[in-house]
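Single-structure report; data block below.
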Amino acid sequence: MIIHCTKKLASKLPENTNKQNQQIAIGLLNEWQHWHANIITVQRKQCVIAVHDATRYAVFVPNMTKKHLAEFELHMQDVFINSLIKAGVDIALVDKAARYFTQYSQQLDTQFDTQCNRSVQGTMRLMAEELDWNLKHNGQHFDDIALYSTSAWLSDRPCNIKGQKECLWPIKAMTELLTKLPKIG
């Protein structure tokens, strides 16, 4: 997997995670492995928001301490898989997503770089603002956030992608991508 980090997040990751391996994938596998991530502050808590490049599916990981950042992939996988369940994605597709995530984690080291796409960064910014506004508007405290439901909620909105006329719905797009991916072990 390739996670394109903002410079702010890259500076907080442990040194041993900033690997610059060359991973080559084609077609759907290439589409599957690219994510963008940013570190944000919500009510004085350090959080990471990751967005899948092709589908704009969001993964919100709260309370990321230095220790947690060292194991970012595990936290991201946990929230991603469980948020798919909360979003109502078919369990066979959730299982497929878990297998792909595990396969990429075991066979290939996750690559972190700072090559970012402004369109994806814009989506992350809008999602972070919407989360912050929602907490303030509802008078909700950060500790009351439902972890997996928040990622599903952030992904249940239309997103614009530069160069595309129609809006993309992240949950639907992720479901379609998982459906197209070939079955593995």
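Taking the stated definitions as given, is Ala128 surrounded by fewer than 19 Cβ atoms within 10 Å (Cβ to Cβ), within 19 Å of Thr55 (Cβ to Cβ) and among the small types (Gly, Ala, Ser)? It would help to see each step written out before you state the result.
On the way: surrounded by fewer than 19 Cβ atoms within 10 Å (Cβ to Cβ): no; within 19 Å of Thr55 (Cβ to Cβ): yes; among the small types (Gly, Ala, Ser): yes.
Criteria not met by Ala128.
Of the numbered conditions (1) buried (at least 17 other Cβ atoms within 10 Å of the Cβ); (2) touching a strand residue (DSSP E or B) at 6+ places or on another chain (Cβ under 6 Å); (3) not in a helix (DSSP H, G or I), Val120 satisfies every one except a single condition; which is it?
Single failed check for Val120: (3).
Within the range 30-57, count every residue that is on the phi > 0 side of the Ramachandran plot and either surrounded by fewer than 23 Cβ atoms within 10 Å (Cβ to Cβ) or of a type in the set (Gly, Ala, Ser) (or both). Spell out how you get there, then give the answer.
Here is the first cut: in the range 30-57, the ones on the phi > 0 side of the Ramachandran plot are 43-44, 56.
Next, from what is left, pick out any that are either surrounded by fewer than 23 Cβ atoms within 10 Å (Cβ to Cβ) or of a type in the set (Gly, Ala, Ser) (or both): 43-44.
So the answer is 2.
Could you count how many residues in the range 131-185 are closer than 16 Å to Cys47 by Cα and among the β-branched types (Val, Ile, Thr)?
Of the residues in that region, 2 qualify.
Which one of the conditions (1) within 14 Å of Ile49 (Cα to Cα); (2) assigned to a loop (DSSP other than H, G, I, E, B) does Asp109 fail to meet, given that it meets all the rest?
With (1) within 14 Å of Ile49 (Cα to Cα); (2) assigned to a loop (DSSP other than H, G, I, E, B) applied to Asp109, the lone miss is (1).
Could you list all residues from the range 131-159 that are surrounded by 14 or more Cβ atoms within 10 Å (Cβ to Cβ) and either of a type in the set (A, V, I, L, M) or without any contact (Cβ under 8 Å) to a residue 24 or more places away in the chain (or both)?
Within the range 131-159, Leu131, Asn134, Leu135, Ile145, Leu147, Ala152, Trp153, Leu154 qualify.
Considering only residues that are in a helix (DSSP H, G or I) and of a type in the set (Phe, Trp, Tyr), look in the range 129-181 and name the one that is farthest from Val94 (Cα to Cα). I'd like the intermediate steps shown before the answer.
Quick first cut of the range 129-181, residues in a helix (DSSP H, G or I) only: 129-137, 142-144, 147-155, 170-180.
This time we only want the ones that are of a type in the set (Phe, Trp, Tyr), so: 133, 142, 148, 153.
Working: Trp133: 30, Phe142: 27, Tyr148: 14, Trp153: 17 Å.
The residue in question is Trp133.
Here, each number is a calculation from the coordinates, and none is a lab measurement. Here the structure is a predicted model, which means the values were calculated and not measured. We place every Cβ from the backbone using ideal geometry, glycine too, and count neighbours over all the protein chains shown.
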